[in-house]
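Take a look at the structure below.
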Amino acid sequence: MSLKTIDQFPFEFYGDYFTVALANDRKLYVPMQALCDAMGLQTHGQIRRIRESEAMADALVNLTIVWSYGEDEAREREMVCLRLDRLPFWMGTVQTGRIPDEEKRVRIVQFQRDFADVAWAAFRREILPDDMLAEMDAGLPPAQQEYLNLMDEAAALRQRLHSHDRDLDRHGEQLGDLGKRVAALEAGVTGTDYLNPQQMKAYTDMVAIVARVLKRKQKGNEATVHAEVKRQFQVPSYQLIPEAEFDNVRRYLRQWYVRLAGLGAPVPTLFDQPGQKRLL
């Protein structure tokens, strides 16, 4: 079977944003470049090490990912990805004891300890049915069950936001502290349409462009941009930006880019393209 990406999911971990790809074999994959960049590792060297390992080589695949690179708009790009279940194995081969940079060493250890578990918890609902998840969780400690249940509920909410086919206010109380923040917004925007798929793609493309300039100036990253948009437009998540606010968000991000890049610098055309309204 020829592997193809059938869906992608945003994923935040320790302030950085990643893409997790769901392939047509119903397994999750993570682009190696994003991981290696975040951990301060050389991508080509790590890919070579994986390919030389009989235990990991079969989990390394090429997938077409919608990817934002530099200050360009997001575009499809073939990328080397590692299957999520082999991530702990690979990360365990990185010898942190030989890394003199303490900050870099601590960051790699964070990824080794938490990344695969958190990514799996965030997206396992995309792979397994509810009855199988319940059976898997039955023997876990109560605290871990509570955590996984919360992640499952967050995943379910994310699915509903993307498809716009359910009413959000029936589910806010099920999400604990996260749900309280979402429910507070729902109380004021019942019946509101959120960013449609075309607007969502344009938004994430613009965030990536602004973030690239911030990174060059060492002033922030994607998380910085998302946080400022959430603060400016009073939403707990960028996925809950009302569709009608898209042009205001676009203008806000354009102005931010111009301030960073300087007057006279060319402005990417994406910042001047109104978002497409949904078809009724």
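The values are calculated or read from the model by the stated rules, or taken from the named source; none is laboratory data. Since we're looking at a predicted model, the values are computed, not measured. Counting neighbours? That spans all protein chains shown, and the Cβs are built from the backbone with ideal geometry, glycine included.
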TODO: Working only within region 189-242, note down all residues that are more than 18 Å from R259 (Cβ to Cβ), part of a helix (DSSP H, G or I), over 15 Å from the mean Cα position of the chain (by Cα) and of a type in the set (D, E, K, R).
DONE: K230
- [ ] Looking at (1) at pLDDT 90 or above; (2) closer than 28 Å to M200 by Cβ; (3) touching a strand residue (DSSP E or B) at 6+ places or on another chain (Cβ under 7 Å), find the lone condition where D7 falls short.
- [x] (1)
Open item on the list: What are the pairs with Cβ atoms under 9 angstrom where one residue, in region 17-35, is within 14 Å of D7 (Cα to Cα) and in the same structural domain as R83 (by TED's automatic domain parsing) and the other, located anywhere, is of a type outside the set (A, V, I, L, M, F, W, C) and assigned to a helix (DSSP H, G or I)? Sequence gap at least six, or different chains.
Closed with: V20/E126; L22/E126; R26/E126; K27/D85; L28/D85; L28/R124; L28/E126
Open item on the list: I need a count of the residues in region 1-37 that are part of a loop (DSSP other than H, G, I, E, B), touching a Lys or Arg at 6+ places or on another chain (Cβ under 8 Å) and more than 22 Å from G92 (Cα to Cα).
Closed with: 1
Open item on the list: I'm trying to understand the selection: among the residues of region 77-120, which are surrounded by fewer than 14 Cβ atoms within 10 Å (Cβ to Cβ) and touching a strand residue (DSSP E or B) at 6+ places or on another chain (Cβ under 7 Å)?
Closed with: E78
Open item on the list: Within region 248-264, does at least one residue satisfy the condition of being over 20 Å from V66 (Cβ atoms), under 17 Å from the mean Cα position of the chain (by Cα) and surrounded by fewer than 16 Cβ atoms within 10 Å (Cβ to Cβ)?
Closed with: no
- [ ] State all residues of region 38-63 that are closer than 19 Å to R113 by Cβ and in a helix (DSSP H, G or I); if no residue qualifies, say none.
- [x] A38, M39, Q46
Task: Cβ pairs under 9 Å, 6+ apart, first in region 78-100 and assigned by TED's automatic domain parsing to the domain that holds Q110 and at positive phi, second among the aliphatic types (A, V, I, L, M) and not in a loop (DSSP other than H, G, I, E, B) - done: none
Task: Set R125, R105, R86, R158: member being at pLDDT below 80, touching a helix residue (DSSP H, G or I) at 6+ places or on another chain (Cβ under 6 Å) and in a helix (DSSP H, G or I) - done: R125
